[in-house]
Each structure stands twice: as structure tokens, then as C-alpha cells.
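Shown next, in C-alpha cells, is the structure this report addresses.
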Amino acid sequence: NLFIINLAVFLAASLVGGFGQHILTLVTARVFQGAAMGFISVLALMGLYAAYPIEHRGRAGALFGLGMALAPTTGPTLSGIIIEIWGWRAIFFVPMAMALLSLFLSWRLLPRHEKTPTSSKPFDWLGFFLVVAFLITLFGGASWLQQRQWPPLLSIFTLLLLAVLLVWLVMIERRREHALLAVNLFRYPVFNASAWVALVYGVGLWGSGYLIALYLQDGVGLSAFVTGMVMLPSGLALCLLLPLGGRLIDTYPAHRVVTLGLVFSASAFIGLGFGSAATPLMVFAALITLSRGLGLGIMIPGLDATATRALPAALMNEGIATMNFLRQLGGAMSPTIIMLIYEWRLGVNNAASTETDLSAAMLSYQQTATGLGLIFLLAIFPAMKMRLSTAPA
């Protein structure tokens, strides 16, 4: 029922956004779309893992990851085509077809369980408000910092407020029986390592698409359509490689597969750091496919599957929700992280360069791509700790 309700909310928000005449209406519609998808993504993965035995959860993760990763890899290309043909309002209307199909299939196929008196759990309102306050402070502060409009004292106050909110949240959630954010899960070393990699994965998946689009259009000088075509092979490769990633996770140690994916992605972005306007488009397409197709493709199935295998069965749902939260948090932070690195390097390069602004901008994009590659390399350290022995009962 919760899955169907959130699909209905997504459909209603899409209609409101598609017919909206004011920016506030569009923002409100996007908020409700995001809230609904937050529930849907967690519930979908819970259903998949409940349907698959533990030894085949890598394949279940591949099925889930196909939808999760295909959207940001093919989205820039498809959205550009949709806007060119039907206009921006179609961005709200086109996904409704898939949502309606999902609503019909959910109504027909998903099992319905009667609610029992013992199944009700009190909602953690204090934890909810602390999470909201922390995220608003984090993203608001990062946005203002990016625009360089905050004086030093206000920046220090914001950092202190973030620290206080984080410590308060952890202390509160550790003591609650039905915590909104299950911080006690981080006592399990394999889950802890998987969570850190999931955070980096979120930064890499969404941040890389944002960076590559800017790099190719603003730095190299390609059109939006050509940029989409260069990025398209990575989405196709992802479709082909995700099932392979699921089988690899079910066959080989997860930490080795995830580490291999991180190495592929890191190598590709460091390679992009040496690109220029003279680099052939095929080279750009190959590097992007290596990172977003092969690297991220074989990583996706292993993260949630390994994290949940490391937990007792009773904590599986909390583990899935926490991993999804961290992945989405990394994705939401990624544009700000990318732009902070880029603007930092642009300021340094402009001060040191006697050439044109375009040369400084191109150099800054190269250095930002290298920086993203280094972030992937750093994630290898927690990935190597994703070694499973025997899953807790």
C-alpha cells in the first residue's frame, strides 16, 4: 500500500509540475516527486531482497541498480531530445507513462499484508527534524560558500552548527529503539565500509554526469546534443554490464569486485584530466564508458548486497534505507563538491595564467576531473574492508 500511495503522489506531483505556471509551483512539485521517489526506491529494493535468497542478492542488486544508474547516465541525452521535440513541460509528463505502468503492476502483483497491532512503530519526529535541520544547514551553507557570500565568522558559525546537529543526531538516534537513522548499524565493520563506498558512489554517479556535461560543453566547446551522444555509450554499456556485475558479486568476493570498479572509474577520470579540445570524441566516449559504464556498473550490485549480508536479518530493511540515504546524500552533495573544486582551481589558474579565460577554464575542468578520480581512489581503502566472513544470523 505504501508503494502504491507514493506512486500516486509522484503522478500527482508530475501533473502539477507539468501544468505549473510559477517557479514556486515547479519547486513544490519537485519536492513531492523527490519525497515519493525516496520511499519508492527503498521499498523496491526491500521487495527485491525479500524475493531473492541471500546468495543471489547480487543479481537482485543488479536489477535495482539498472534503473537507479540508467537514469543519470542516459538522462542528459534523452532529456535533451525530449526538450527539443516537446519542450520542458514534457520532462514532467513523460515519466508518468512508466509510473502508471508501475502503479498497475503493483496493484496486480505486489502481495498485500494485513497490518497487525505489533507492526506499528512510533515515528521518530525528533530524529526527522534533526535530519532536516542538518541537511538544510549543510546544503544551504555549501550553496552560499560556493557563491562566496558568507563572511568568515558566519562560515565558522555554520560549521559549528553542523557539528552540533550531527553530534546531537547521533546521540539521540543511538538511544532510540525505533530510530529514523539507524546509526547503530555502523557497529558492523563491513556495513560501515560499504556505507562509505556508497557515499562516494553517489558523488561519482551524479557528480560525474554533471562534471562531464560542463567539461565537454564549456571546456571542449561541444553542443548539448553532441555531448549527449558522447555520453550515450556509457548508458548502453551500463545496461549490458550490470547483469555481469550481479553475477560477479554472487561468485567472487565483493571487496575485489567493488575495488576493481573503483580503479576503472578513477583511471578514467584521471585520464579525462589530460583531455583537451584536440582530443578525439571517441577517446572521450571511451573514458566516460570506462568510468560510468564499466566502473560504476560492476560496483552497484555489490554495495547493497554486501552491506545487507553483513547485518542480522532483522536489520536488513534499516540497512537498505541507510545505504539509500547515503547514496542519495552523496548525489545531492556532488554538484556543490564539483563546483567548489572547479571554482577553487579556476581562481588559482586565473591568477597564475597570462592566457585567455578559456584556457584557465579548461585547465580547471581537467583538474576537477582528476580530483574526482582521486576521490574514487580514496574509496578503495574502505572497499578493501568489505570482506565478508559469515553473515550474522
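The values are calculated or read from the model by the stated rules, or taken from the named source; none is laboratory data. Since this is a predicted model, take the numbers as computed values, not measurements. Glycine gets a Cβ as well: all are built from the backbone with ideal geometry, and neighbour counts include every protein chain shown.
Couple of notes before you dig in:
- Selected residue (criterion: surrounded by the fewest Cβ atoms within 10 Å (Cβ to Cβ)) from residues of the stretch 226-256 that are among the β-branched types (Val, Ile, Thr) and touching a helix residue (DSSP H, G or I) at 6+ places or on another chain (Cβ under 7 Å): THR227
- The criterion of being buried (at least 17 other Cβ atoms within 10 Å of the Cβ) and modelled with pLDDT of 85 or more does not hold for LEU181.
- Answer from GLY261, GLY246 - the residue that is of a type outside the set (A, V, I, L, M), part of a helix (DSSP H, G or I) and in contact with a Pro (Cβ under 8 Å, 6 or more places away or on another chain): GLY246
- Here GLU177 clears all of (1) over 30 Å from MET299 (Cα atoms); (2) touching a residue at least 12 places away in the same chain (Cβ under 8 Å); (3) out of contact with any Phe, Trp or Tyr (no Cβ under 9 Å at 6 or more places or on another chain); (4) not in a helix (DSSP H, G or I) except the condition numbered (2).
- Beta carbons closer than 8 Å, at least 6 apart along the sequence or on distinct chains, pair a first residue in the stretch 1-14 that is farther than 15 Å from VAL27 by Cα with a second that is of a type in the set (Ser, Thr, Tyr) and part of a helix (DSSP H, G or I) for PHE3/SER106; ILE4/SER106; LEU7/SER102; LEU7/SER106.
Each row is one residue, and each column tells you yes or no for (1) part of a helix (DSSP H, G or I); (2) outside the structural domain of GLY235 (by TED's automatic domain parsing); (3) at pLDDT below 85.
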site	(1), (2), (3)
GLY275	no, no, no
VAL283	yes, no, no
GLY293	yes, no, yes
LEU296	yes, no, yes
THR336	yes, no, yes
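- Criterion (at pLDDT 80 or above, of a type in the set (Gly, Ala, Ser) and under 30 Å from GLY17 (Cβ atoms)) met by exactly one of ALA99, ALA195, ALA142: ALA99
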